[in-house]
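Read-outs throughout are calculated quantities, based only on the coordinates presented, and are distinct from any laboratory measurement. What you see is a predicted model, and the numbers here were worked out from it, not measured in a lab. Note: ideal-geometry Cβ built from the backbone for every residue, glycine included; neighbour counts use all protein chains shown.
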């Protein structure tokens with residue numbers, strides 16, 4: 001039944017995901033506020049990093065580099081590749097999630113490790129600056145600067161500059177979409193594709209899913225309001241918002257690279273993701289869209305070893321293989 005203030009019935013969770021829902025509800029019970037951001041950052045910083053063990057098990061290496069971000073500021077990045085990598089393979093340019101306010105460049109990377117192995121790709125992931133200390137345009141401009149750096153250093157990185165795909169989850173997918181728009185408008189690096197996993201695209205929250213899934217697992221509407229307030233700052237009240245920051249506001253999506261978009265049906269961003277895919281199709285951009293029944297925000301990163309998560313990973317892997325031609 002509908003909950004208070006929500007005119008729409010609650011959608012059932014996937015059966016396997018529902019089995020984990022009670023623990024997740026306790027672990028992620030609070031709406032994120034700006035006051036919580038320092039504590040969330042500290043908790044993420046203190047959490048064990050599984051990446052080194054995962055990379056070693058997969059036969060991959062990593063090295064940290066310093067690159068130039070927006071306005072020439074130093075940013076930290078990590079380059080991940082197969083230990084036996086030779087020549088020039090595809091480039092995977094990754095931007096992490098975290099509601100624009102928290103997170104680090106390793107967050108979300110494990111999901112794409114199999115792509116590095118299978119396609120002999122080189123993954124570059126960047127620590128863009130976070131809001132509210134650095135509101136728009138810093139995060140998306142840092143993200144674009146990292147893409148430009150990746151393309152300009154493609155030869156030494158072992159990347160084919162004509163085979164770079166930008167990818168991210170949640171806020172990182174928003175920045176990936178914004179980076180693709182910047183690359184198009186500035187005639188920057190020509191992207192082969194964009195992978196947008198449950199992207200945060202629209203600051204307005206005017207969709208059915210924004211009401212229906214307002215109190216959904218992991219990421220609520222109140223948390224999303226906090227993220228957009230932090231990211232857009234004073235711009236949000238004025239309504240004068242760049243489509244690089246909120247890609248759903250773009251009125252022309254022509255000339256963008258092929259896109260893969262996915263989300264769960266029980267997801268605040270569901271309808272804005274569907275709408276963005278539709279606008280891409282209208283603009284002549286080949287796009288693949290998956291809405292996973294019973295999935296909540298970030299379900300693939302949290303509720304692993306379930307049938308729906310396996311299906312989501314398989315669908316993404318199939319798309320990237322077709323785009324890369326391998």
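Structure notes:
- Förster-model FRET efficiency, 41 Å R0, residue 208 and residue 34, C-beta, rounded to 0.05: 0.90
- Taking 10 °C and 1.306 mPa s as conditions, the stretch 80-239 diffuses translationally at an estimated 98 µm²/s according to Stokes-Einstein applied to its Kirkwood radius (Cα pairs).
- Under the Debye formula (equal points on every Cα, no solvent term), log10 I(q)/I(0) of the stretch 263-309 at q = 0.19, 0.20, 0.33 Å⁻¹: -0.62, -0.66, -1.13
- Value of [θ]222 nm, deg cm²/dmol, for the chain, DSSP H segments ≥ 4, -39500 (n - 2.57) each, nearest 500: -11500 deg cm²/dmol
- Approximating the spin labels as points 7 Å out from Cα along Cα→Cβ, the residue 133-to-residue 315 distance works out to 3.8 nm.
- Packing, taken as the mean count of other beta carbons within 10 Å per residue, orders the peptides 260-270, 75-85 from highest to lowest as 260-270, 75-85.
- Shown here are the Rg and Dmax of the Cα trace of the stretch 194-303, at 13.7, 39 Å.
- Alpha-carbon centroids, the stretch 224-282 and the stretch 120-176: separation in whole Å: 18
- Kirkwood Rh and Cα Rg combined as Rg over Rh, evaluated for the stretch 54-141: 1.01
- Between the Cα long axis of helix 307-324 and the first principal axis of the chain there is an angle of about 40°, rounded to the nearest 10.
- Percent RCO, i.e. relative contact order, over the chain, from Cα pairs under 8 Å lying at least 6 residues apart: 18
- The alpha carbon convex hull volume per residue for the chain rounds to 130 Å³.
- Where a label projected 7 Å from the Cα of residue 43 along Cα→Cβ would reach, residues of the stretch 188-219 with amide N under 11 Å: none
- Largest GNM mean-square fluctuation across 275, 180, 57, computed for the chain with C-alpha springs under 10 Å, falls on 57.
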